[in-house]
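Note sheet for the following structure.
A short reminder: the numbers here are calculations on the coordinates, not readings from a lab. All values reported here derive from a predicted model rather than from experimental measurement. Virtual Cβ from ideal backbone geometry, glycine too; neighbours counted across all protein chains shown.
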Amino acid sequence: MDWRNDAACRDEDPELFFPIGTSGPALTQISQAKAVCRRCPAMSECLTWALESGQDAGVWGGASEDERRAMKRYGVRMDVQA
C-alpha cells in the first residue's frame, strides 16, 4: 500500500472519512471528505484498493459507501463525483 504515503488524507482526521449516516450532517461530512480526495494524487489507487479489499465503510478514493456498493453491484468502476 505504498500509495498511502502520497495520500492527501494522510494528515487529516480519519473520522472525517467515516461519517455516521447518509443524510443531514453526514452528507456535509461526505462532501468534505471528497474535497480532500479531489486533491489527492493517490485517489485512483485508493479507490482500487477499497474495492479490491472490500472496504464497506467510509469514503475511499472519492467514493462514498453507496457509490462503491453500486460499483460492486454492477461490476463496473464508475466515474465518481468527488
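Couple of notes before you dig in:
- Within region 25-36, the presence of a residue that is in contact with a Gly (Cβ under 6 Å, 6 or more places away or on another chain), among the β-branched types (Val, Ile, Thr) and under 24 Å from ASP2 (Cα atoms) is excluded.
- Summed over region 1-13, residues that are in a helix (DSSP H, G or I), in contact (Cβ under 8 Å) with a residue 24 or more places away in the chain and of a type in the set (D, E, K, R) total 2.
- The residue that is surrounded by the fewest Cβ atoms within 10 Å (Cβ to Cβ), among those in region 50-74 that are assigned to a helix (DSSP H, G or I) and in contact (Cβ under 8 Å) with a residue 40 or more places away in the chain, is ASP66.
- Criterion (outside any loop (DSSP other than H, G, I, E, B) and out of contact with any helix residue (DSSP H, G or I) (no Cβ under 9 Å at 6 or more places or on another chain)) met by exactly one of LEU16, LEU27, LEU47: LEU27
- Residue pairs meeting the criteria (Cβ under 9 Å; at least 6 apart or on separate chains; first touching a residue at least 40 places away in the same chain (Cβ under 8 Å) and of a type outside the set (S, T, N, Q), in region 23-41; second loosely packed, with under 13 Cβ neighbours inside 10 Å and in a loop (DSSP other than H, G, I, E, B)): LYS34/GLN81
- Within region 27-60, the set of residues being farther than 20 Å from MET71 by Cβ and of a type in the set (Gly, Ala, Ser) comprises ALA35 only.
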